[in-house]
Structures are given as structure tokens and as C-alpha cells.
């Protein structure tokens, strides 16, 4: 297929979803993103993929602006749009967000960001769209109706969709990402095109099984990628250590590392550890050494209790070497307590580069801004390897 398939990325973040499509040879026409540092990361990445200065298009705009369609039009200059991808920010759909809000976040303006997505979709009428969101979307409500039903109804006017929400849930772990991350991936095909959305879902090939896969789901698949395979080559360090750029040579390669790092690469970016107070360091050490939950820590070492004892067990969590990581979240930028390094000698939470590795970002991916900004971008992103599995399937059906 000589002509490249084109896409627009909305709510693009730092470009995790775009990354998967770049890897499959798709061409980006523009990205729309509100966050300044994420926009900088997007621009650097386009340069990395060989886009010329005048082709690098990132609209640093609020998607709800009245003139957003005009701005996108100006960027894409009458070129044909094959694909619209992106996921509206999902805090208001997440169960955690809803729990904290008296009104179940029904008044949250972010609930309606999908209306901007819909408006842009109906204007450009691409052949296919990919809409990504948290699984909380499936239980969230807008007024009396389930949010997902509202979205299906609205996006289904001009597009064929699958009806069964369970089939829209993909787990990044099944695609070789060293992380359990379930996301709703809604794929629509423009009515009149002879492709069924089912074909696209069937073509998103699971290459790995996950820790909860039953026997028959494991047949002909590789075992999930572990935290150890993803980050154990990275230099050990204590809290507060690390530099923006260091020299690093991988001594022992594995299948996963060869996907995220090039064999001749000798530098490592953003492997910088947060500083931690004495009490947290003791917590991390005891928990990772003994593989304790926070609750077990409090029972066995009451002196390490937290003043604001948030007992729900996920306030401090160790990642284990022999398992995939738990879902990397944007909350990482506030504190890393849910991502305690498995090596107790390091007494720390994970670095931005470790988080990026667990999300399947390539090592040459540059995240702009402060460490806080980097954590935020990484935590909000779609894992590139999962995005690539989706891109592969779409390329195959559109190629026909």
C-alpha cells in the first residue's frame, strides 16, 4: 500500500496512541491537545519520525473552542482523513472520581467532551474512528442513562459499532505490555464501507496471555511480560539520585527490551528518582522486602502508620518482579506510593523512565517538562504496543 493512511489524534496527550499508528506507517495530519508540555512531546516525536518542519502539526487548543474545526481544517489543508483517534479525558468516568464527588460527577464538564469528539467526527467523516476510555465508562451514568449507551447512540448515527460493551474492553497485558491495563476501545466504521467493526476487533491479535487467563486462553500465546523483563536492566539508585541523561548499555537483552530500545543505543533519559522522607523509605523497604500490603505493614510495624491512615490498601503498593505492573495512572505525578520499586534496597518509587518502560514507550521517547509533567503524560497515555496492535488490524482491513 503505497499511499499512507492518514489520521487526526484528538485529546492526543504525549502521543501514546499516535506512536502505535506511526509504527504501522500511518501519517499524522494533526494532533489536538490542551497541555503545553504534552504538545512539546508530540512535536519532538514527529521530528523523530522524520516529519519536516512544515508537516509538524500540533494544535495546542481547547477542543471545546468554537473555531476548533476551522483550526483543524487549516492544518490538514483538504487532505483526506482516513482515521480519527483519541480518548476524551476520563477522570469523570473513573470510579475513583465518582466516589469523591457528591453528585457522582454528573455535572463535570469533562463528561461532555465526547460531544466535541462527535462534532469533529461528523465534520471530517473519516472511514474509521477509535475512541479510547477507562472501563468506568461502562458503569458511569449521564442523568438516568448509561454514559456508554449515550455515546453509542450518538456516535452510531453515521458509524457501525459493535453492540456488546464487553468486547470493547482490551487489556494491554495481552499485547505484550508489562502492565495490567483494561481500557474501553470503541471502534466505528463509516456506514457504507464494506467492513464490519467485528473484523477489526478480531484482527487485534492477542500475542500474550495475562495472569488471569484460563488454560484455553493461553494456547499459542507467550507468557505476559513482567516488571523484571521491563526494568531490571536499569541502573539501581536511591531516592533523589539520577540524571536527565546517563550512559547505559543493556548487558542482557530480552524480547521486550528489543521492542523498546535499539541495540546500539547508549544513553538513557529521565531515569531520575524522587526524594522520599525517612518514614516512607522505611515503609518501601519493609513492604518490598517482605512483599507486604500496606495493611500488613501496619499490622507488623505499627510505628510506620500514616497519620492520614488511608486504609484502602492501594495507597502504598509494591510492584512485583515476576508479574506485570498494575495500571500506571496519572496520579503518579502527585506521589508514587502505588508504584514502589520491587528491589527493597532502592527504597523508592519508580522513575519516569521506569514508568515509561511499563507503559511500553520506546527509550528514545522524549517527555518534555518537569518530572511531574512527565509522570502526568506517561500515566495518561495509551500504551504504544497496545495502540500498535489496534493500528495493525485497521491497516489490514483498510489495505484490502
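The values are calculated or read from the model by the stated rules, or taken from the named source; none is laboratory data. All figures in this text were calculated on a predicted structure; none of them were measured in a lab. Cβ coordinates were reconstructed from backbone atoms using ideal geometry, including for glycine residues, and neighbour counts include every protein chain displayed.
Sort out which residues of the stretch 65-83 are free of Cβ contacts under 8 Å to residues at least 12 places away in the same chain, surrounded by 11 or more Cβ atoms within 10 Å (Cβ to Cβ) and in a helix (DSSP H, G or I), and write them in order of number. Full working, then the answer.
Pass one, the stretch 65-83, residues free of Cβ contacts under 8 Å to residues at least 12 places away in the same chain: 65-67, 70, 73-74, 77-78.
When the remaining residues are screened for being surrounded by 11 or more Cβ atoms within 10 Å (Cβ to Cβ), the result is 65, 73-74.
Passing the criteria: 73, 74.
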*Of (1) surrounded by fewer than 14 Cβ atoms within 10 Å (Cβ to Cβ); (2) modelled with pLDDT of 95 or more, residue 353 satisfies all except one. Which?*
(1)
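Take residue 189 and tell me if it is assigned to a strand (DSSP E or B) and more than 19 Å from the chain's Cα centre (by Cα). Spell out how you get there, then give the answer.
Working: assigned to a strand (DSSP E or B): yes; more than 19 Å from the chain's Cα centre (by Cα): yes.
It is true that residue 189 is assigned to a strand (DSSP E or B) and more than 19 Å from the chain's Cα centre (by Cα).
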*Mind checking which residues of the stretch 11-61 are closer than 19 Å to residue 127 by Cα and in a helix (DSSP H, G or I)?*
17, 18, 20, 21, 22
*Specify the residue that is surrounded by the fewest Cβ atoms within 10 Å (Cβ to Cβ); the eligible residues are those in the stretch 3-38 that are within 17 Å of residue 75 (Cβ to Cβ) and free of Cβ contacts under 8 Å to residues at least 40 places away in the same chain.*
4
*Could you look through the stretch 168-186, keep only residues that are in a loop (DSSP other than H, G, I, E, B) and either on the phi < 0 side of the Ramachandran plot or modelled with pLDDT under 95 (or both), and pick out the one that is surrounded by the most Cβ atoms within 10 Å (Cβ to Cβ)?*
177
*Residue ranges of helices (runs of 4 or more DSSP H) in the stretch 193-263 with at least 3 members surrounded by 12 or more Cβ atoms within 10 Å (Cβ to Cβ)*: 197-203, 227-231, 255-260
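In the stretch 264-283, what residues are assigned to a strand (DSSP E or B) and surrounded by fewer than 16 Cβ atoms within 10 Å (Cβ to Cβ)?
Quick first cut of the stretch 264-283, residues assigned to a strand (DSSP E or B) only: 267-272.
The one that is assigned to a strand (DSSP E or B) and surrounded by fewer than 16 Cβ atoms within 10 Å (Cβ to Cβ): 267.
Residues are listed down the side, and each one gets a yes or a no for (1) touching a strand residue (DSSP E or B) at 6+ places or on another chain (Cβ under 7 Å); (2) assigned by TED's automatic domain parsing to the domain that holds residue 85:
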| site | (1), (2) |
| --- | --- |
| 193 | no, yes |
| 211 | no, yes |
| 232 | no, no |
| 237 | no, no |
| 246 | yes, no |
| 251 | no, no |
| 254 | no, no |
| 261 | no, no |
| 269 | yes, no |
*Name every residue in the stretch 45-56 that is crowded, with 19+ Cβ neighbours inside 10 Å and in contact (Cβ under 8 Å) with a residue 40 or more places away in the chain, in order of residue number.*
45
